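The values are calculated or read from the model by the stated rules, or taken from the named source; none is laboratory data. This structure is a prediction, so every number in the text was calculated from the model and none was measured. Here the Cβ positions follow ideal geometry from the backbone for every residue, glycine too, while neighbour counts run over all protein chains shown.
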Amino acid sequence: MSRTLSSRRIYPIYEEGGGDRLRCSVGNSVIVFEVMCEGRKMAMRVYMHHNPNLQAIYGERYYPKELLVNSSDREYCLADVVLCDWYEGESLQSKIEKLYHKPVKMEALSQMFEELALSLLGEKWAHGDLKPENIILSHDGLHLIDFDAMYCEGFTVDDCVEIGTRQFQHPLRDRNHFDRDIDDYPIALITTVLAALSLDSSIGKDLSTSDYLHIRPDLAVANKDEVLDRIEQIFAEHGDVRHYRIARLLHSPTPSLPSLKSLLEARTCEVESSAVPTLAYYNGYWGFCVEGRFVIPPLYDLAFEFSEGLALVKVGDVWHFVDTSGKVAITCGRGLGIKPFRNGATRIVREDGEFVIYRDGRIAKI
C-alpha cells in the first residue's frame with residue numbers, strides 16, 4: 001500500500017494578524033508551506049512539476065501525487081509532496097547582508113561555513129544547489145535546505161534534472177557533469193567571500209541588489225573578475241595564505257577542485273619551543289616541517305629558512321615574516337631584494353623607495 005499524508009495530522013500555518021493567507025514561499029517549481037505536523041513545525045514542499053529523483057533524495061519523506069492542486073486557468077493536477085524539517089532562523093544570504101560590516105561576526109560565519117563545507121566534502125552525496133539562500137542559520141548552527149538538485153550515490157548524468165543556480169556554479173557545470181564534486185566550486189566561492197568580508201568589509205557593498213555573491217564565476221574562470229582580483233590581494237596583504245589558495249581555485253578550468261578539501265583542512269601545528277621548523281617543498285609550494293611532518297602547510301609561493309625566530313614568506317606578491325606557529329609577525333609589502341633577518345634587520349626595495357625592516361617590526365625609509 002502506498003504511503004499518504006491522510007493519516008498524519010497536518011495543519012497549515014497562517015500569516016500573523018488573522019485572515020486566510022497561508023505562510024509559504026514560492027520557487028521556480030515548488031511552493032513551500034509552513035505546517036504543523038503532529039505537533040511539530042515542518043516544511044511541506046508541493047511540486048508543480050514532477051522530479052523523478054525525489055524518491056531517491058527524500059525517501060520516506062516523499063509522497064507522490066498527494067495533493068490536488070488547481071491553477072489559475074482551472075486545470076487540476078495531483079502534485080508530489082515532500083515533508084522536511086523546518087529550521088527557525090535566517091538564511092546565510094540574509095546574515096551576510098546584515099553583518100558584512102562586522103568583522104568578528106563575519107569571521108564566525110566563515111568558520112561555521114567551513115565546518116559545514118568539510119562535512120559535505122566528506123559525504124558520498126552532494127547538495128547540487130549550494131548557495132547562501134539554501135543555508136539556514138538557526139540557534140544550533142547551519143542547516144542545508146532544498147535538496148532537489150542533489151546528487152546521490154549511484155546517480156549518473158542521465159539522472160541530472162537540475163544544475164543549481166548559475167551564479168554559484170562553474171560555467172562548465174552542465175547536465176554532463178553530475179557527480180559528488182558538484183559542490184566544489186560553490187563551496188570555494190562562498191568560503192572565499194566570507195573570509196574576505198571578515199578582513200575587509202568594503203567589498204560588501206551592494207550585496208542585496210546583486211544576483212551574485214560578488215564574484216562572477218564566468219569572469220573568474222576567464223581571469224577577468226576584478227572583485228576576485230581584489231579579494232586575492234586582500235588575502236595576500238594579510239598573509240592569509242590558506243584563503244588565498246582557495247580563492248585561486250576559482251580560476252579553475254574545470255568544476256572539480258581536488259585540492260579544496262585539503263586546503264580547508266590545512267592548519268598549522270604546535271611545535272615545541274626548542275624546535276625550529278625547516279623549509280620544505282611540496283606540490284609546487286613551500287612550507288615548514290619538524291621531523292618530516294609539515295607544521296606550517298606548504299602553501300607559500302616562496303619561503304626562506306627561519307632566521308632569528310622568523311621566516312620570510314611570500315603570498316602572491318606580498319612578503320611577510322611568520323613565526324613558528326605560521327602567524328604573520330611583520331608585513332613587509334611588495335618589493336624586491338628582501339632577505340631573511342641578519343643582526344636584527346633586513347632591507348626591501350619598494351616602488352616608493354628603499355626601506356630597512358627591523359626584527360621588532362619597525363620599518364624605516366632609507
Look through the range 304-336, keep the residues that are in contact with a Leu (Cβ under 6 Å, 6 or more places away or on another chain) and either outside the structural domain of E351 (by TED's automatic domain parsing) or assigned to a strand (DSSP E or B) (or both), and return whichever of them is surrounded by the most Cβ atoms within 10 Å (Cβ to Cβ). F321
I need the full set of residues from the range 337-352 which are more than 22 Å from F235 (Cβ to Cβ), part of a strand (DSSP E or B) and among the charged types (D, E, K, R), in order please. R342, R347
Return only the number of the condition from (1) surrounded by 16 or more Cβ atoms within 10 Å (Cβ to Cβ); (2) without any contact (Cβ under 8 Å) to a residue 60 or more places away in the chain that D183 does not satisfy. (2)
Is it the case that the range 133-149 has a residue that's on the phi > 0 side of the Ramachandran plot and not hydrophobic (A, V, I, L, M, F, W, C)? yes
Checking H238 against (1) surrounded by 15 or more Cβ atoms within 10 Å (Cβ to Cβ); (2) within 16 Å of the chain's Cα centre (by Cα), which test does it fail? (2)
Only listed residue being part of a helix (DSSP H, G or I) and out of contact with any helix residue (DSSP H, G or I) (no Cβ under 8 Å at 6 or more places or on another chain), chosen from Q55, Q93: Q55
Only listed residue being crowded, with 21+ Cβ neighbours inside 10 Å, modelled with pLDDT under 95 and assigned by TED's automatic domain parsing to the domain that holds A196, chosen from L250, L213, L260, L228: L213
Would you mind telling me which numbered condition in (1) of a type outside the set (D, E, K, R); (2) touching a Leu at 6+ places or on another chain (Cβ under 8 Å); (3) within 19 Å of H177 (Cβ to Cβ); (4) not assigned by TED's automatic domain parsing to the domain that holds S202 I57 fails? (2)
Give the residue, chosen from V32, V81, that is closer than 22 Å to H139 by Cα and surrounded by 18 or more Cβ atoms within 10 Å (Cβ to Cβ). V32
Give just the number: which of (1) under 15 Å from the mean Cα position of the chain (by Cα); (2) among the small types (G, A, S); (3) closer than 18 Å to L130 by Cα does A149 not satisfy? (1)
What's the number of the condition C269 fails, among (1) at pLDDT 95 or above; (2) more than 30 Å from Q169 (Cα to Cα)? (1)
Out of the residues in the range 347-360 that are touching a Ser or Thr at 6+ places or on another chain (Cβ under 9 Å) and surrounded by 17 or more Cβ atoms within 10 Å (Cβ to Cβ), state the one that is nearest to E305 (Cα to Cα). R359
Restricting attention to the range 96-123, which residues are closer than 12 Å to G141 by Cα and loosely packed, with under 15 Cβ neighbours inside 10 Å? A108, Q111, E115
Do any residues in the range 345-363 that are assigned by TED's automatic domain parsing to the domain that holds K314 and in contact (Cβ under 8 Å) with a residue 12 or more places away in the chain have Cβ atoms under 8 Å from those of residues that are of a type in the set (S, T, N, Q) and surrounded by 13 or more Cβ atoms within 10 Å (Cβ to Cβ), where the two are at least six apart or on different chains, and which pairs are they? I357/T346
Selection from the range 282-302 of residues under 28 Å from the mean Cα position of the chain (by Cα) and aliphatic (A, V, I, L, M) yields V295, I296, L299, L302
Mind listing whichever residues of the range 62-78 are crowded, with 17+ Cβ neighbours inside 10 Å and modelled with pLDDT of 90 or more? Y62, Y63
